[in-house]
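Structure record follows, encoded as C-alpha cells.
The values are calculated or read from the model by the stated rules, or taken from the named source; none is laboratory data. Because the structure is predicted, anything quoted here is derived from the model rather than measured. Here the Cβ positions follow ideal geometry from the backbone for every residue, glycine too, while neighbour counts run over all protein chains shown.
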Amino acid sequence: MTEPVSDAHAHADASYPIGPVNRVKRLHQRAAYDHATVHAILDAAALAHVAYVVDGQPYCTPTLFWREGTRLYWHGSSASRMLRQQAEGVPVCLTVTHLDSFVLARCGFNHSVDYRSVMAFGRARRVDDADEKQQALVMMVDRLFPHRSAGLRPSTALELKATAVVTMEIEQASAKVRDKGLADEEADHALPIYAERIPVHTVLGTPEPCPRLQAGVRRPLELGPYRSGRRLDEALSEAHAMAYRQK
C-alpha cells in the first residue's frame with residue numbers, strides 16, 4: 001500500500017505526464033496536470049464515477065473513493081460485476097466533478113457553469129493481500145472520519161469477505177477548472193438583459209445523533225470538520241488532511 005504521506009511533503013513541482021489520453025484539447029488554458037491541483041480536487045470529493053469497458057460495452061459506475069499519494073482506492077460488494085472485471089488490471093478512467101455555479105449571460109452561447117473536474121487514468125486491480133485490504137478498509141472510514149476506525153467494533157470475517165477493494169495507480173491525470181463567472185461579449189453589456197452568477201454549494205445539515213446512543217456517549221472531536229452549514233467539499237478536504245497528516 002502507498003505510504004500515507006501528506007502532499008505538503010511532496011515535490012512542489014510534481015505533475016502527471018501529459019499524453020494523448022489526458023491532454024485537454026478544448027479550452028486547454030483551463031487545464032492543469034500538477035499533483036497539487038489534481039489532488040485538491042480529488043480530496044474535496046467522496047463520490048467518483050469509474051468508467052470501463054466489458055465485452056465492448058461501456059459502463060460508468062458511481063462509487064465512494066479515496067486517495068493515498070498517487071494511488072486511488074474504491075470498494076464495493078465482492079459480488080459486483082464491476083469489481084470482478086477490474087480484478088486483473090483493466091484500464092479505467094475515474095472522474096470527479098464539482099459544480100460551483102450557474103452562469104446566466106446575455107446570450108445563450110455564453111451561458112455556462114463554473115466547475116472543477118479531474119479525469120484520472122490507470123489500470124485497476126483488486127486488492128487481494130489480506131493486510132493491504134484490511135488497511136484499505138480502515139482508511140475507507142478514516143479518510144472521511146479521521147481516526148474513527150480505532151473505536152469501532154471490528155468487522156467480522158464474513159463482513160470482510162463480502163467487501164472487495166480495488167486500487168489504481170494514477171498513470172495520467174488532468175484537471176480542468178472554470179472559475180471566471182460571467183463572460184459576456186463587451187457589446188452585450190449595453191443590452192437590457194438581466195445576467196448573474198448563481199453559486200452552487202452542497203452544505204452540511206445539522207447532525208442527527210442516534211436516539212439509542214448509550215448514556216454518556218458524546219460526538220467525537222474528530223468529527224469537527226462536519227459542522228452544520230459548512231460546505232461539503234471543504235469538510236472533505238479537511239478530513240483528508242487530518243487522516244493523512246504526518247505524525
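In segment 143-150, is there at least one residue being over 19 Å from the mean Cα position of the chain (by Cα) and part of a helix (DSSP H, G or I)? Lay out the reasoning, then the answer.
Residues of segment 143-150 that are over 19 Å from the mean Cα position of the chain (by Cα), as a first pass: 147-150.
This time we only want the ones that are part of a helix (DSSP H, G or I), so: 149-150.
Among the residues of segment 143-150, at least one is over 19 Å from the mean Cα position of the chain (by Cα) and part of a helix (DSSP H, G or I), which makes the answer yes.
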Query raised in the report: Out of (1) within 16 Å of Leu42 (Cβ to Cβ); (2) in a loop (DSSP other than H, G, I, E, B), what's the single condition that is false for Val118?
Result: (2)
Requested in this report: Can you run down the residue pairs with Cβ atoms below 7 Å, 6 or more apart or on separate chains, where the first is in segment 207-231 and without any contact (Cβ under 8 Å) to a residue 60 or more places away in the chain and more than 26 Å from Asp43 (Cβ to Cβ) and the partner is loosely packed, with under 10 Cβ neighbours inside 10 Å and of a type outside the set (Ser, Thr, Tyr)?
Outcome: none
Query raised in the report: If you scan segment 156-177, which residues turn out to be farther than 21 Å from His39 by Cβ, part of a strand (DSSP E or B) and not polar (S, T, N, Q)?
Result: Ala164
Report task. Considering (1) modelled with pLDDT under 95; (2) surrounded by 19 or more Cβ atoms within 10 Å (Cβ to Cβ); (3) out of contact with any His (no Cβ under 9 Å at 6 or more places or on another chain), say which one Gly122 fails and leave the rest. Result -> (1)
Query raised in the report: Across segment 20-46, what is the total count of residues that are closer than 20 Å to Phe65 by Cα and either within 12 Å of the chain's Cα centre (by Cα) or free of Cβ contacts under 8 Å to residues at least 12 places away in the same chain (or both)?
Result: 9
Requested in this report: Say whether the condition of being in contact (Cβ under 8 Å) with a residue 40 or more places away in the chain, surrounded by fewer than 15 Cβ atoms within 10 Å (Cβ to Cβ) and under 16 Å from the mean Cα position of the chain (by Cα) is met by at least one residue in segment 97-112.
Outcome: yes
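Has segment 167-177 got at least one residue that is in contact (Cβ under 8 Å) with a residue 12 or more places away in the chain, over 30 Å from Arg123 (Cα atoms) and out of contact with any Pro (no Cβ under 7 Å at 6 or more places or on another chain)? It would help to see each step written out before you state the result.
So the first thing to find is which residues in segment 167-177 are in contact (Cβ under 8 Å) with a residue 12 or more places away in the chain, and the list is 167-177.
Going one step further and asking which of them are over 30 Å from Arg123 (Cα atoms), we end up with none.
No - not one qualifying residue is present in segment 167-177.
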Query raised in the report: Asp43: touching a Ser or Thr at 6+ places or on another chain (Cβ under 7 Å) and either modelled with pLDDT of 85 or more or surrounded by 12 or more Cβ atoms within 10 Å (Cβ to Cβ) (or both), yes or no?
Result: yes
Query - Failed item in (1) closer than 16 Å to Ala46 by Cβ; (2) part of a helix (DSSP H, G or I); (3) of a type in the set (Lys, Arg), with Lys133 passing the rest - result: (1)
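Take Asp188 and tell me if it is in contact with a helix residue (DSSP H, G or I) (Cβ under 7 Å, 6 or more places away or on another chain), at pLDDT 95 or above and farther than 30 Å from Gly19 by Cα.
Working: in contact with a helix residue (DSSP H, G or I) (Cβ under 7 Å, 6 or more places away or on another chain): no; at pLDDT 95 or above: yes; farther than 30 Å from Gly19 by Cα: yes.
No, not satisfied.
Of Arg197, Arg153, which residue is of a type in the set (D, E, K, R) and part of a loop (DSSP other than H, G, I, E, B)?
Numbers: Arg197 fails: part of a loop (DSSP other than H, G, I, E, B).
That would be Arg153, the only listed residue that is of a type in the set (D, E, K, R) and part of a loop (DSSP other than H, G, I, E, B).
Condition first: of a type in the set (A, V, I, L, M, F, W, C), closer than 20 Å to Arg116 by Cβ and crowded, with 16+ Cβ neighbours inside 10 Å. Now tell me which residues in segment 205-247 satisfy that.
Leu232, Ala235, Leu236, Ala239
Just name the residue that is modelled with the lowest pLDDT out of those in segment 142-166 that are β-branched (Val, Ile, Thr), under 30 Å from Leu221 (Cα atoms) and surrounded by 13 or more Cβ atoms within 10 Å (Cβ to Cβ). Write out each step before concluding.
Keep residues of segment 142-166 that are β-branched (Val, Ile, Thr), which gives 156, 163, 165-166.
Filter again for under 30 Å from Leu221 (Cα atoms), leaving 156, 163, 165.
From what is left, the residues that are surrounded by 13 or more Cβ atoms within 10 Å (Cβ to Cβ) are 163, 165.
Details: Thr163: 87, Val165: 92.
By that ranking, first place goes to Thr163.
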